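Throughout, read-outs are computed from the coordinates displayed, never taken from laboratory work. Just so you know, these numbers come straight off a predicted model, no measurement behind them. Cβ placement follows ideal geometry from the backbone for every residue including glycine, while neighbour counts extend to all protein chains displayed.
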Amino acid sequence: MVTVKKVETKSELKTFIRFNYELYKDNPYSVPDLYEDMLSTFTEKNPAMEFCESAYFLAMKDGKVVGRVAAIINNKANKTWNLKNVRFGWIDFIDDEEVSSKLIEAVEKWGKERGMTAIQGPLGFTDMDAEGMLIEGFEELSTMATIYNYPYYQRHIERLGFEKDADWIEMLMTVPRETGIPERLSRIAEIVMKKYDLRIKKYTSAKKIAKEYGQEIFKVINEAFKPLFGYSELSQKQIDQYVKTYLSFIDLKLVSLITEADGRLVGVGISMPSMSKALQKAHGKLFPFGWFHLLKALKWKKPKTLDLLLVGILPEYQGKGINSILFYDLLPLYISEGYEYVETNPELEVNEKVQSQWIYFERRQHKRRRCYKKELK
């Protein structure tokens, strides 16, 4: 018999986090989250708690943990989109239909008690968390910013009456190391820069970029992502946290800022070496030796693949070729640094503006993930 219990103690929260590591410890494609990051995510240290409610549940069978799920209400997103949705996130379970049923039932009950009328997921607290259930690309290495799950998850969720709410796709692009930066891309980038009097701005100091553009980077992200599916605008506390988190460790050569002549930021592209294999070697732990694998990937023995973490263009400049300027700046660096592939973060399948920027690359769509939704009766 399967029972579900709400996480009440720090020890139970640790069990909640570690269940994913146990379920996927022998999977060559799953990339574990850092344990310390997860502890912060599920506690008051997470600035999203200002506008989110949450509860975490464990499924038990024969005295063992066999599943987990987070129930989340993002009040800001619900207000923005005029919804009453409860989210399920960080869902993991063994291939047992009773387990998945009981986990979803727990989220539904918790949501209905708080007046929610629909359930959707997998989603996190905000769009800066991993979201979407993997439904294609199970034999592709995951990334630090995305969810990996076994193929049977989709069968379980659809059996419970969930339907597609939105799909994201991911692309793997080949860096043109032999041919160099495409002539068409260079020509368009130079025309666009001249037409709108734009500049490419680079930094070598993390403190300086944080001071001069840290806030503006995430304000551009807010404006660029605002119209997209379910987006929850980043709060000031979130922006402060991400400035501190992101800009302190990324390779600033791989950050491209596009500004107007007076310095106003209109576009940003942030990429970094793939941390996937390093995180696998670290087994989700910074200590005692996990930090070494991460630092090695960042500084000494870089992987052949880059993750394109964030690309944001102000709405007034979208569709005007600004993306070409980002890659006009970044592609030569990708080539000189010896990278062979660039992997995108999930992008909505209906977001043609985003997908049009990859026309300069040899590419393949290698993953697809889905957000599901169901009305609560």
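Summary of values
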read-out	value
Cross-link pairs beyond the 29 Å C-alpha cut-off, checked among 281/374; 84/219; 14/79; 64/237; 304/353	281/374; 14/79; 64/237
Loop-located trypsin sites (Lys or Arg not before Pro) in the range 166-227 whose Cβ has at most 13 other Cβ within 10 Å (DSSP)	177, 202
Using alpha-carbon coordinates, inclination of helix 236-246 to the longest axis of the chain, degrees	70
Cα-based helix-to-principal-axis angle, 322-336 vs the chain, degrees rounded to 10	90
Dipole moment magnitude, nearest 20 debye, the chain about Cα centre, only Lys, Arg, Asp, Glu C-beta charged	680
Net charge contributed by nearby residues that have their C-beta within less than 13 Å of residue 221 (K/R +1, D/E -1)	-2
Debye, to nearest 20: dipole size of the range 223-377, +1 on Lys, Arg Cβ, -1 on Asp, Glu Cβ	980
Farthest toward positive dipole pole in the chain [+1 Lys/Arg, -1 Asp/Glu at C-beta], among 311, 103, 69	311
Nearest-20 debye value, the range 32-140 charge dipole, Cβ charges on Lys, Arg, Asp, Glu	740
Folded to 0 to 90 degrees: helix 215-225 orientation relative to the chain principal axis, Cα	70
Neighbour-count ranking [beta-carbon atoms within 10 angstrom, fewest first] of 138, 57, 249	249, 138, 57
Set of the range 129-145 residues, backbone N closer than 14 Å to the point 7 Å along the Cα-Cβ line of residue 351	129-132
The chain: calculated mean residue ellipticity at 222 nm from DSSP helix runs of at least 4, using -39500 (n - 2.57)	-9500 deg cm²/dmol
Within-11-Å neighbourhood charge of residue 196 [Cβ basis; K, R +1; D, E -1]	+1
